[in-house]
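Colleague: Dropping the structure in here first, questions after.
The values are calculated or read from the model by the stated rules, or taken from the named source; none is laboratory data. Treat the numbers as computed from the prediction; the structure is a model and nothing was measured. Quick reminder, even Gly has a Cβ in these numbers, built from the backbone with ideal geometry, and neighbours come from all protein chains shown. Ligands, DNA and RNA are stripped out before the accessible areas are found, and what is left, the full protein with its side chains, is counted by its heavy atoms. Shrake-Rupley method; radii C 1.70, N 1.55, O 1.52, S 1.80 Å.
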There are 2 protein chains.
Amino acid sequence: MAPPTEVTVHPLVLLSVTDHFYRVAKDTRNRRVVGILLGTVARDGSVQASNAYAVPFEEDAADPDVWFLDHNYHEHMFAMFRKVAARERVVGWYSTGPRIRSNDIKIHQVLRMYCADPVFVIVDVRGTDSQSQSQPQQIQAGGGSGPQQRAKIPTDAYVAVEQVKPETFGEKEWTFAHIPSEIGAVEAEEIGVEHLLRDVKDTTVSSLSTQVTER
Amino acid sequence: MAPPTEVTVHPLVLLSVTDHFYRVAKDTRNRRVVGILLGTVARDGSVQASNAYAVPFEEDAADPDVWFLDHNYHEHMFAMFRKVAARERVVGWYSTGPRIRSNDIKIHQVLRMYCADPVFVIVDVRGTDSQSQSQPQQIQAGGGSGPQQRAKIPTDAYVAVEQVKPETFGEKEWTFAHIPSEIGAVEAEEIGVEHLLRDVKDTTVSSLSTQVTER
């Protein structure tokens with residue numbers, strides 16, 4: 001199996017992570033939430049992150065060495081998921097970041113217990129990138145692609161790579177390498193998203209998304 | 001607490017149910033999937049169905065008395081969910097129907113073990129109502145509301161009511177009564193949906209949803 005080369009984050013994952021964050025960390029200052037990504041990995045290394053669940057996680061903002069990922073919870077939850085989704089396996093984990101934190105490479109090593117080559121996906125649920133909510137005029141979801149389009153996607157994906165550090169006499173160290181990510185839906189999800197597009201925007205959706213769709 | 005008067009189905013639930021159906025029952029002829037709805041009930045009886053999970057379910061198409069809902073699985077899963085979402089409780093259950101089946105009132109009685117007055121929501125993931133996929137020209141997601149708008153929403157909600165049957169000398173019988181339902185998002189979900197609106201449609205979403213949004 002090739003190492004992960006790119007990650008497609010499915011709509012259900014995006015909404016699950018957003019829900020998790022706003023349930024747990026909305027009114028906190030610097031907190032992030034963490035969970036597990038399930039899905040499939042193709043032979044060419046492209047990862048489909050099609051499902052996700054929250055995992056209890058605590059960390060000490062002052063001391064990056066102090067953190068706790070409840071991996072018993074994960075093992076339990078994964079066993080439950082397997083009963084209704086036999087084909088999905090652990091493909092990695094998510095954090096709401098919004099940036100890589102210094103303990104992330106250690107959390108990543110825990111994930112290697114469940115997946116030979118996990119991906120780490122940061123989902124920026126607050127939208128702290130250049131397309132922030134306070135600047136709706138900057139949003140243009142044109143049909144084009146390329147770097148401009150990519151910048152709008154609120155995900156960043158990484159794999160861990162082992163690098164030799166010359167300054168410590170060739171000792172190896174794990175570090176994150178960025179890989180491409182995109183939001184994508186398969187047929188089943190498109191149907192759900194289509195209903196959302198049809199139904200949500202006419203009921204309670206905010207003016208911003210209306211501006212975006214009526215563009 | 002007033003009995004449920006209306007149900008708001010959140011985007012995460014809609015995508016979870018769609019995902020569950022296509023994972024399990026996509027290529028089957030008459031199969032449906034069943035799961036639990038979590039959320040909150042307001043004092044006025046309005047129900048927010050904000051989360052959902054699949055539950056293993058089997059039934060005999062030929063004999064409506066033969067069915068199995070894995071309530072041990074549910075109890076286990078609910079205990080897991082409570083650890084990351086303390087405020088959400090069981091508010092009811094879902095079926096992908098697309099119609100009420102004769103064993104549904106019995107399944108509903110099982111749910112009463114976990115919730116005094118559960119709601120039963122049918123989510124029509126196949127879109128078998130009048131707005132079927134083969135007739136995109138019929139879709140008009142106008143800004144209006146009212147009956148025309150309501151018909152597009154792929155959910156139907158019910159509560160169980162006890163009715164006296166005159167023909168059996170006043171014996172009581174449980175039956176389903178329809179209550180209004182809608183797709184709705186809270187602030188947190190809107191952000192997720194906004195990203196979907198921005199990102200999905202420009203990547204892999206089908207031409208139908210493009211037609212809908214570009215209307």
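Colleague: Before we go on, tell me the buried accessible area for the A/B pair, both chains summed, 1.4 Å probe, in Å² to the nearest 100.
Modeller: 5900 Å²
Colleague: So what are the ³J(HN,Hα) numbers for the range A:43-48, from phi and the Karplus equation (6.51, -1.76, 1.60; θ = phi - 60°), rounded to whole Hz, Gly and Pro as x?
Modeller: 4, 7, x, 7, 9, 9
Colleague: For B:PHE68, A:PHE169, B:PHE81, give me the order by solvent-accessible area with a 1.4 Å probe, most accessible first, ignoring ligands, DNA and RNA.
Modeller: A:PHE169, B:PHE68, B:PHE81
Colleague: Something else now. Given a cut-off of 29 Å, name the pairs among B:LYS26/B:LYS172; A:LYS26/A:LYS106; A:LYS26/A:LYS172; A:LYS106/A:LYS165; B:LYS26/B:LYS106; A:LYS83/B:LYS83 whose C-alpha atoms lie farther apart than that in the structure shown.
Modeller: Beyond 29 Å: B:LYS26/B:LYS172; A:LYS26/A:LYS172.
Colleague: What ranking of B:GLU59, B:GLU88 comes out by heavy-atom accessible area, probe 1.4 Å, highest first?
Modeller: Output order, biggest surface exposure first: B:GLU59, B:GLU88.
Colleague: Taking +1 at the Cβ of each Lys and Arg and -1 at the Cβ of each Asp and Glu, which of B:PHE21, B:VAL55, B:ALA2 sits farthest along the dipole of the range B:1-68 towards its positive end, judged by Cα position relative to the Cα centre?
Modeller: So the residue furthest toward the plus end is B:PHE21.
Colleague: I would also like to ask the following. Rounded to the nearest 5, what % of DSSP beta bridges with both residues in the range B:1-87 are antiparallel?
Modeller: The antiparallel proportion sits near 75 percent.
Colleague: Averaged across the residues of A:72-84, what count of C-beta atoms belonging to other chains lies within 10 Å of each residue's C-beta?
Modeller: So the per-residue partner count for this stretch is 3.
Colleague: Continuing with this model, one more query. Assuming R0 = 35 Å, what is the FRET efficiency of B:GLU75 and A:ALA177, from their Cβ-Cβ distance, to the nearest 0.05?
Modeller: For B:GLU75 and A:ALA177, the calculated efficiency is 0.25.
Colleague: In whole angstrom, how long is each semi-axis of the equivalent ellipsoid of the range B:1-90, when you take the square root of 5 times every eigenvalue of its Cα gyration tensor and sort them from largest down?
Modeller: Semi-axes, largest first: 25, 15, 14 Å.
Colleague: Sticking with this one: Mind listing the phi-derived Karplus ³J(HN,Hα) values for the range A:12-21, rounded to whole Hz, using 6.51, -1.76 and 1.60 with θ = phi - 60°, and x for any glycine or proline?
Modeller: 4, 5, 4, 6, 4, 5, 4, 4, 4, 4
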